[in-house]
Amino acid sequence: MVKSYRGLEMPKVVDKQQLLVKDYMATRLIKFKPDQSIIEAMNLLLSKNISGAPVVNDQNELVGMISESDCMKEIIRGKYHNMPIDTGSVSSYMTKEVVYIVPALNIFEVAQMFLERKLRRFPVVYMGKLVGQISQKDVIRAFKKVRSSTWR
């Protein structure tokens, strides 16, 4: 008879890590106002080396997103009409129908949403207010922290 000195062996428990948006989202954001000049927005996107940002009202409620693609509309319009670039407002060019997520959403779900929707970022809204933004890069950083034992 062989005796083990390891004692009673407990079944291996997989530590399921909570990977939530709130833990990986950016909270210090460049934000625009709807009445801000599109030229000012373009210059800020370039100087901060970002491809887009949320547009909020005075109550910090999300009203749109402005992206490089939205700025291209102004550039093309000026070229097409053979006129200098207009000084229209951000609200004239921003995307108004914005898909946003909540802070308690799981990163796995966000990854799936990125694949389905072909977007680069999602604004994060809680109780009607913009609280952050999560990008594809943020999701990849989150998965870097996942231990191999949690993958199935």
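The values are calculated or read from the model by the stated rules, or taken from the named source; none is laboratory data. A quick note: this is a predicted structure, and the numbers were derived from the prediction, not measured. Every residue, glycine among them, receives a Cβ derived from its backbone with ideal geometry; neighbour counts consider all protein chains shown.
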If THR27 passes every condition in (1) surrounded by 12 or more Cβ atoms within 10 Å (Cβ to Cβ); (2) modelled with pLDDT of 90 or more but one, which one does it miss?
(1)
Of the residues that sit in the stretch 129-141 and are part of a helix (DSSP H, G or I), in contact (Cβ under 8 Å) with a residue 60 or more places away in the chain and not hydrophobic (A, V, I, L, M, F, W, C), which one is surrounded by the most Cβ atoms within 10 Å (Cβ to Cβ)?
ASP138
Pull up the stretch 100-109, narrow it to residues that are at pLDDT 95 or above and among the β-branched types (Val, Ile, Thr), then point me to the one that is farthest from GLU40 (Cα to Cα).
VAL102
How many residues does the stretch 119-135 hold that are of a type in the set (D, E, K, R) and within 12 Å of the chain's Cα centre (by Cα)?
2
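I'd like the full set of residues that are touching a strand residue (DSSP E or B) at 6+ places or on another chain (Cβ under 9 Å) and at pLDDT 90 or above, limited to the stretch 1-24. Explain how you work it out, then say what you get.
Going residue by residue through the stretch 1-24, those that are touching a strand residue (DSSP E or B) at 6+ places or on another chain (Cβ under 9 Å) are 18-22, 24.
Of everything in the stretch 1-24, those that are touching a strand residue (DSSP E or B) at 6+ places or on another chain (Cβ under 9 Å) and at pLDDT 90 or above turn out to be LEU20, VAL21, LYS22, TYR24.
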Selection from the stretch 123-142 of residues that are among the aliphatic types (A, V, I, L, M) and farther than 13 Å from ILE101 by Cβ
MET127, ILE140, ALA142
